[in-house]
Amino acid sequence: MKVGILAYQGSFEEHALQTKLAIDKLHLNADVVPVKKPSELNVVDGIILPGGESTTIGIMAQKLGVLDMLKDKISSGLPVLGTCAGAIMLAKEVSDAKVGKKSQPLIGLMDTTIIRNYYGRQRESFETTLDFSTIGGSTAKVVFIRAPAITKTWGKAKELLSLGDNKVMVQEDNMLATTFHPELSSTTIVHEYFLSIIKK
Ligand code: GLN
């Protein structure tokens, strides 16, 4: 099994470490590989889209011919975990809390509405405790960094975890999105859950 991490910008190294920890925990025979080029995307069994700046990541992916390939592969069932900026990349409806709708290169396959920079200046980053029992974990601290909010889901997108009025973890078949950073948490449960989707 090969798990790819889109590695242009953002927290891809942290995701690689967290994925390796989850692989060890589950005693899987799997490799973690960085993905920047189409040839690298071609050989993975699942792909992680890290947090960072969704505009930058989208532009890089488009320039290198990876964005359209991601759309094709994910719509044909390639498992994907999009965290924070990655969750933005996956959403069908994207706007920004400050500037409203603005076009940016996206994958746009998930039945979700997401608002970038939702939590505003004063709470740009915050830590909170979430209960991961819906995916087989326990409670753990997670961090939100200039995080978006998933304000709406429809169709086959299902909420797995919420915070206040918003959804912070959503799954639609092979697609998993979190608005927090599971790669910066002491629990590996989100990565373990993602590995279980790849294994299926
Ligand atoms: N604010 C970033 C964006 O809009 C996302 C922040 C993050 O990934 N930590 O792309």
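Tabulated results
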item	result
Pair residue 138, residue 76: separation of 7 Å Cα→Cβ label points (nm)	4.3
10 °C / 1.306 mPa s Stokes-Einstein diffusion coefficient of the range 2-199, Kirkwood radius on C-alpha pairs, µm²/s	97
Residue list for the range 92-130, given a label point 7 angstrom along the Cα-to-Cβ vector of residue 152 and an amide N cut-off under 18 Å	92-103, 108-118
Alpha carbon convex hull of the range 99-200, volume per residue in cubic angstrom	114
Inter-part distance where the range 58-106 and the range 130-200 are each reduced to a Cα centre, Å	17
FRET efficiency for residue 127 and residue 45, using Cβ-Cβ distance with R0 set to 35 Å, rounded to 0.05	0.65
Computed [θ] at 222 nm, helices only, for the chain once each DSSP H run of length n ≥ 4 contributes -39500 (n - 2.57)	-7500 deg cm²/dmol
Simple label model, 7 Å out from Cα along Cβ direction - residue 59 to residue 102, nm	1.1
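Here, each number is a calculation from the coordinates, and none is a lab measurement. Quantities reported herein were computed from a predicted structural model and do not represent experimental measurements. Every residue, glycine among them, receives a Cβ derived from its backbone with ideal geometry; neighbour counts consider all protein chains shown.
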